[in-house]
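Undergrad: The following block contains the structure, expressed as structure tokens.
The values are calculated or read from the model by the stated rules, or taken from the named source; none is laboratory data. For clarity, every value in this text was computed on a predicted model and none was experimentally measured. Reconstructed Cβ throughout: ideal geometry from the backbone, glycine too, with neighbour counts over all protein chains shown. Side chains are part of the model used for accessible areas, which takes the heavy atoms of the whole protein and leaves out ligands, DNA and RNA. Shrake-Rupley method; radii C 1.70, N 1.55, O 1.52, S 1.80 Å.
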Amino acid sequence: MRSAVSYALIAIVGGFVGATVSKSDDIYQRVVSHFSAEPTDPEGFWSTPAVEGYGKIHYEPDAAFKPVVGLSNKVVFQITKSEGDMRRPNLGLERVARVVNLYIASGVPADQLHFVVSVTGDATPAMLDNAHFQQFYKVDNPNLAVISEMNKLGVKVSVCDQSVAFHHFPKEWIDQSVIHALSSPTTVSTLENQGYAFLQM
């Protein structure tokens, strides 16, 4: 009798556990599909008001701590990493473009922006001209277009010549749109001493 009861209990518990596992798997699948689905934004939600096609922003006119017209608006950005796919623009450059777009959207004229980008370390290959970038990565340099757009707005993009040397790149391999700086640390320190804010990108 005891064994019959035991078997019955085992069957009941097994059925309950099986149903619970099955149900939890269904819940798991719903959660996964919710978070893996591409979110959709309404038309016009994102914009690139200054750096056309780069550094998209969602502008909120009532947000706090917006850039202010009339302040120094002096910023030195340092980019040290090569993130993501080399066939796409460096994410640090995209972030700088986003800051430019946010300043312009907040009403600061481009001629009041004093922005310098200092590229060093693993990000150095992003400064190569097309011919030499193609030698390494088999595609045109995707960073040159965003650099060109920012140059039009007065944003200066520089490369650390110490990193150029460490990468064994001849100086002339760097694109002509990029300024050669003695080093990134001295660029940052010199500009900070001149009142520039420092942003690590």
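Undergrad: Would you be able to say whether some residue in the stretch 70-92 is part of a helix (DSSP H, G or I), open to solvent by less than 50 Å² (accessible area, probe 1.4 Å) and touching a residue at least 40 places away in the same chain (Cβ under 8 Å)? Outline the logic, then answer.
TA: Kept after step one, since they are part of a helix (DSSP H, G or I), are these residues of the stretch 70-92: 91-92.
From what's left, open to solvent by less than 50 Å² (accessible area, probe 1.4 Å): 92.
Among the residues that remain, those that are also touching a residue at least 40 places away in the same chain (Cβ under 8 Å) are: 92.
Checked the stretch 70-92: at least one residue is part of a helix (DSSP H, G or I), open to solvent by less than 50 Å² (accessible area, probe 1.4 Å) and touching a residue at least 40 places away in the same chain (Cβ under 8 Å).
Undergrad: Of the numbered conditions (1) assigned to a loop (DSSP other than H, G, I, E, B); (2) open to solvent by less than 70 Å² (accessible area, probe 1.4 Å); (3) at pLDDT 95 or above, Ala64 fails exactly one; give the number of that condition.
TA: With respect to (1) assigned to a loop (DSSP other than H, G, I, E, B); (2) open to solvent by less than 70 Å² (accessible area, probe 1.4 Å); (3) at pLDDT 95 or above, Ala64 is out only on (2).
Undergrad: Moving on to the next point. Which ones in the stretch 111-147 are among the aromatic types (Phe, Trp, Tyr) and either in contact with a Ser or Thr (Cβ under 7 Å, 6 or more places away or on another chain) or farther than 16 Å from Val157 by Cα (or both)?
TA: Kept after step one, since they are among the aromatic types (Phe, Trp, Tyr), are these residues of the stretch 111-147: 115, 133, 136-137.
Phe133, Phe136, Tyr137, listed by residue number.
Undergrad: So which of Ser177, Ser189 ends up being in a loop (DSSP other than H, G, I, E, B) and at pLDDT 95 or above?
TA: Ser177
Undergrad: Do we find that Asn73 is at positive phi and at pLDDT 95 or above in this structure? Walk me through it before giving the result.
TA: On the way: at positive phi: yes; at pLDDT 95 or above: yes.
Answer is yes for this residue.
Undergrad: Give the stretch 127-138 a look and list any residue that's open to solvent by 10 Å² or more (accessible area, probe 1.4 Å) and either among the hydroxyl-bearing types (Ser, Thr, Tyr) or part of a helix (DSSP H, G or I) (or both), or say none.
TA: Asn130, Ala131, His132, Gln134, Gln135, Phe136, Tyr137
Undergrad: Now for a different question. When you scan the stretch 97-126, how many residues do you find that are of a type in the set (Gly, Ala, Ser), farther than 14 Å from Met201 by Cβ and either open to solvent by less than 10 Å² (accessible area, probe 1.4 Å) or in contact with a Leu (Cβ under 8 Å, 6 or more places away or on another chain) (or both)?
TA: Qualifying residue count for the region: 1.
Undergrad: Residues in the stretch 139-158: is at least one of a type outside the set (A, V, I, L, M, F, W, C) and part of a strand (DSSP E or B)?
TA: Yes, the stretch 139-158 has at least one match.
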